[in-house]
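The values are calculated or read from the model by the stated rules, or taken from the named source; none is laboratory data. Note that this is a predicted model, so its numbers are computed, not measured. Virtual Cβ from ideal backbone geometry, glycine too; neighbours counted across all protein chains shown.
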Amino acid sequence: MNLPGTRQSLVLGVAAQVALAIALASAVVFAAIYSEVRHSTRALAQAAIDADLAGLVEADAAEGPAGLSRRIADRLAFSPGAGDKPYYRLEDSARRVLAGNLPAWPDARPEVSPAGQLRLGDGATVQYRATLLRGGYRLLAGRAVNGAEAWLARLAGLFAAALVAMAALAFAIGRAAGARLNARLAAIGVVLGAFGREGAPAAAPVADPGDEIDGLTAQINSLLERTRHLLAARQELSNIIAHETRNPLMHVSARIARARAQGLTGEVDQQLAAAQDSIRQLQRMLDALLDIAASEAQRGEMNSLPELDLAELARRLVELYQPSAEDLGLRLEAEIAPQVPMRGEPVQMSSLIGNLLDNAFKYGAGGGWIRIAVAPGPVIVVEDRGPGIDPALREGIFERFRRAARGGASPAGHGLGLALVRAVAERHGLTARVEDGPGDEGGRGARFVIA
């Protein structure tokens, strides 16, 4: 069972599956071999017993029960090792024992010449065959097979050890091969993970002619190269648009400023002042659009972001906004954790918080109170006691050029501030939403949450 947040190893899983498959296949083969060897061993033992019994039957036919008893005694006198010790039992028609060393007759009918095994009190396992002789005599010949059974047990142990060794070897080979594969995949991961960072490797190594992994690596390298070209082209286009648009606007604004300095009449001066204000709004809108485009192009790409303390950044912004709040008669409260580490672009996160505060100052000033909270997660909350936002309009206010009226007030601005907030949030893997705020009798207020 993996702990939360730990990553499963595909390579180890495959190695384990290969080892299990080899173990199962080997177990089937070993079981078949063992069964065949066991059957052959018992068949050979039975053949030897049957041959011995046939010789005793011939002795009975030639010499009668007395001669048969002598033959049994002779064979017991020349008994081999304990592992192959012979066992006999000769009984007359009255079931009196005439010869042999078997303590008792097994549950076997001699008239059908049965074969079988029995276990004696001393632990000996005896394989036997019984038969019925003329005159109602019955004879049993057998042989201890403990030696053969012990040999079969050792063979089974050897098979089990070989099975474990083969599975372990298969797993070790699979793991070693997997480690090499992991190293190659890690090289690809390093290139992908560092994409966009300064000094990052441009491509992962590819062997020639290579295998399937090298083919995949080459395709990834090609995709990264095309992505770099696209990002460079986008940046160049943004720079061209900014340059070719800002410069004419700045020239026009400068000419208007020079014209106003000539001492024009009141009405003409007012018109030129309005034109200057429109140019400034157009410049701000252009900057916002470029910021939104840059944020959306880098959405979710976290590896190139530096570490920053969001709490410290928020405290500096609150200090900048505090004089403006006092001028407007607003109470600006801040609840900021001591430290809120995160990966983020400081300029973009400053723009996100600044736009939320600007929005609160613009629409929530009537409530006389604005609050900003920053907590680990990170979580950013900016709320006011203004007129609030109609629930039907809440999703739309994060779209470009969408300006929702609050409390009957006419929307102002170019409608890009909250669009930039959402773009920056998503670029950092966060979401932006708006809820009812802590409003009182003056209105329900609005609460913007980035989390």
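In the set (1) exposed (fewer than 15 other Cβ atoms within 10 Å of the Cβ); (2) under 30 Å from A25 (Cα atoms); (3) modelled with pLDDT of 75 or more, the condition left unmet by D211 is number (3). Take the conditions charged (D, E, K, R), touching a Pro at 6+ places or on another chain (Cβ under 6 Å) and at pLDDT below 80 and apply them to R406. Does it pass? Considered against the rule, which asks whether it is charged (D, E, K, R), touching a Pro at 6+ places or on another chain (Cβ under 6 Å) and at pLDDT below 80, R406 comes out as yes. Suppose the filter is polar (S, T, N, Q) and modelled with pLDDT of 75 or more; does N221 pass it? No: the conditions fail for N221. The residue list A167, A94 contains one member that is small (G, A, S) and in contact with a helix residue (DSSP H, G or I) (Cβ under 6 Å, 6 or more places away or on another chain), which is A167. As a summary of the residue check, R371 satisfies the conditions (1) modelled with pLDDT of 75 or more; (2) crowded, with 23+ Cβ neighbours inside 10 Å; (3) basic (K, R) except for the one numbered (2). Here D84 passes the criteria (1) at pLDDT 85 or above; (2) assigned by TED's automatic domain parsing to the domain that holds E36 except the one numbered (1). Residue count for the range 112-155 satisfying the condition of being among the aromatic types (F, W, Y) and either surrounded by fewer than 16 Cβ atoms within 10 Å (Cβ to Cβ) or free of Cβ contacts under 8 Å to residues at least 24 places away in the same chain (or both): 1. Candidates in the range 83-111 are the residues that are within 24 Å of G67 (Cα to Cα) and hydrophobic (A, V, I, L, M, F, W, C); of these, the one that is surrounded by the fewest Cβ atoms within 10 Å (Cβ to Cβ) is A94. When only residues in the range 1-26 that are closer than 18 Å to G178 by Cα and not in a helix (DSSP H, G or I) count, which is modelled with the highest pLDDT? Once the filter is applied, the top-ranked residue is S9. Are any of the residues in the range 409-427 surrounded by fewer than 16 Cβ atoms within 10 Å (Cβ to Cβ), out of contact with any helix residue (DSSP H, G or I) (no Cβ under 8 Å at 6 or more places or on another chain) and at pLDDT 80 or above? No, there is no match, as no residue in the range 409-427 is surrounded by fewer than 16 Cβ atoms within 10 Å (Cβ to Cβ), out of contact with any helix residue (DSSP H, G or I) (no Cβ under 8 Å at 6 or more places or on another chain) and at pLDDT 80 or above.
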